[in-house]
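Please treat every number below as a calculation from the coordinates, not as lab data. All figures in this text were calculated on a predicted structure; none of them were measured in a lab. Here the Cβ positions follow ideal geometry from the backbone for every residue, glycine too, while neighbour counts run over all protein chains shown.
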Amino acid sequence: RKAARANMEQAKATLAVARDWLRKSRLIAPSDGTIAFRDVEEGEVIVVPPVTVITQIVDLEHLKIKLSLGEKDIHILEDHKRFKFTIDAIPETQFSCRLTFLSPVADPATRSFPVELIVEKPDKRMADGMTVRVKLPVVFKKATIKLPSAWLSEENGKMGFYIVEDGKAVFKQVTLGSYYDQRVEILSGLTEKELVITTPSGLKSGDAVRY
């Protein structure tokens, strides 16, 4: 009887382990969505730690558009809450979105304010990561300079561009406006006659420049 009881206890322990393995083999999503990718195969053993990302779920029913606005353009959002936009992959169709978030703090790297818009009535053809073009009612009082944002530099916590003066690099602090297709609007601090350095990486004021 002792042997039978020991065998029963061992069987119960084995069953408990099997049930635990079965429980751990099931993945329950925290919300509805579409699987974006899967990095493991069925039956594969996952060892933790370290933490392993095995999949990602994207909620295509609640899509957001993220963009940035310069301080001179924030006032646009006071009177306008809904906007039209297009998607590069679906250029023939125009969609609608509405404002859901405007950061009260500027991004220290770009000096612009992050904005979030939620897509109204998402289309099945939309996908996370697509490039969109939002139509904002921006009106410029005067013509402004727009330069590639890749030319921007930071010196002593200030944003600006390096220009050439007397064969040397000189940092010019500027006031930035809005960003458009990887270009940034220059509201003040730079003139059209100044020669801007297009590859400022590693430069500092006073460095000799060949051009």
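Assorted remarks:
- Of the residues E192, E9, the one with the fewest other Cβ atoms within 10 Å heads the list, and the complete ranking is E192, E9.
- Computed about the Cα centre, the dipole magnitude for segment 140-211 is approximately 160 debye when only Lys and Arg (+1) and Asp and Glu (-1) carry charge, each at its Cβ.
- Think of the chain as having a plus end and a minus end, set by charges on the Cβ of Lys, Arg, Asp and Glu; of L60, A89, T110, L60 sits farthest toward the positive end of this dipole.
- If you take the alpha carbon atoms of segment 59-211 and fit the smallest convex hull around them, that volume is 140 Å³ per residue.
- The length gained on full extension between E165 and D39, counted as 0.36 nm times the residue separation minus their Cα-Cα distance, comes to 40.0 nm.
- Less than 5 angstrom separates the built amide H of S112 from those of D107, all sequence-distant by 5 or more or on a different chain.
- Taking the Cα centre of segment 11-114 as reference, the dipole from Cβ charges on Lys and Arg (+1) and Asp and Glu (-1) amounts to some 420 debye.
- Choice from T191, T52, T131 with maximal GNM fluctuation in the chain (Cα, 10 Å cutoff): T52
- One equal scatterer on each Cα of segment 140-211, no solvent, Debye formula: the resulting log10 I(q)/I(0) at q = 0.17, 0.29 Å⁻¹ is -0.59, -1.48.
- Sparsely packed trypsin sites (Lys or Arg not before Pro) within segment 89-137, loop by DSSP, other Cβ within 10 Å at most 11: K124, R125
- Highest GNM mean-square fluctuation among T100, T14, T55, for the chain modelled with Cα contacts below 10 Å: T14.
- Pair-distance distribution P(r) for segment 1-81, from all Cα-Cα distances in 5 Å bins starting at 0: 3, 9, 11, 12, 10, 8, 9, 8, 7, 6, 5, 3, 2, 2, 2, 1, 1, 0 percent.
- Point-charge dipole on Cβ atoms (K/R +1, D/E -1) for segment 1-43, about Cα centre, debye to 20: 580
- Rounded to 10°, Cα long-axis angle of helix 2-24 versus longest principal axis of the chain: 20
- Derived scalar couplings ³J(HN,Hα) [segment 71-83; Karplus, 6.51 cos²θ - 1.76 cosθ + 1.60; whole Hz; x for Gly, Pro]: 4, 6, 10, 4, 4, 4, 6, 6, 10, 10, 10, 10, 9
- Length-normalised contact order for the chain - Cα pairs under 8 Å, 6+ apart - percent: 16
- Shown in residue order for segment 168-175 are the 3J(HN,Hα) couplings computed by the Karplus curve 6.51 cos²θ - 1.76 cosθ + 1.60 at θ = phi - 60°: 10, 7, 10, 7, 10, 6, 10, 9 Hz (x for Gly and Pro).
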